[in-house]
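See structure below.
The values are calculated or read from the model by the stated rules, or taken from the named source; none is laboratory data. Since this is a predicted model, take the numbers as computed values, not measurements. With ideal geometry, Cβ positions are generated from the backbone for all residues, glycine too; neighbour counts draw on all protein chains shown.
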Amino acid sequence: MISKSKKRAALAPLMGFRPAPTLRAAIIKWAEHQPDTPTLPQALGRLVELGLTVGEDGRRFGGKQQRRARKMASDTIDDVGDAAANPGDRASRKRHLLNGPEEFNRVRVDRSR
């Protein structure tokens with residue numbers, strides 16, 4: 001027979017908190033929109049994991065694919081860019097194309113404000 005202490009050692013330690021009613025409602029709403037409709041503890045765990053994959057500036061860590069896409073876009077812009085323009089203008093145009101217009105930066109969730 002396995003003792004209670006050995007059973008508990010195999011389980012992850014219990015963690016809990018009391019969310020405000022609005023936060024609890026937001027978590028439930030998020031869970032309802034997931035394809036597999038996770039339970040409240042599962043949804044909370046997923047949200048914590050998602051939160052831990054984002055850096056302080058709002059960007060996701062480990063953006064290997066994102067860096068690759070940005071490099072490909074940069075190379076393409078260099079290939080089709082105006083060769084007659086001076087280097088400062090070319091750099092400014094390229095930066096504007098890669099980062100997007102300033103007006104949109106306020107609404108982007110993947111960028112810091």
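Starting from region 50-70, take each residue that is more than 26 Å from residue 31 (Cβ to Cβ) and list its partners that are modelled with pLDDT of 65 or more, counting only C-beta distances under 7 angstrom and pairs at least six apart or across chains.
Sorted first by the residue in region 50-70, then by its partner, the pairs are 70/98.
How many residues does region 87-99 contain that are exposed (fewer than 12 other Cβ atoms within 10 Å of the Cβ) and among the small types (Gly, Ala, Ser)?
Looking only at that region, the number is 1.
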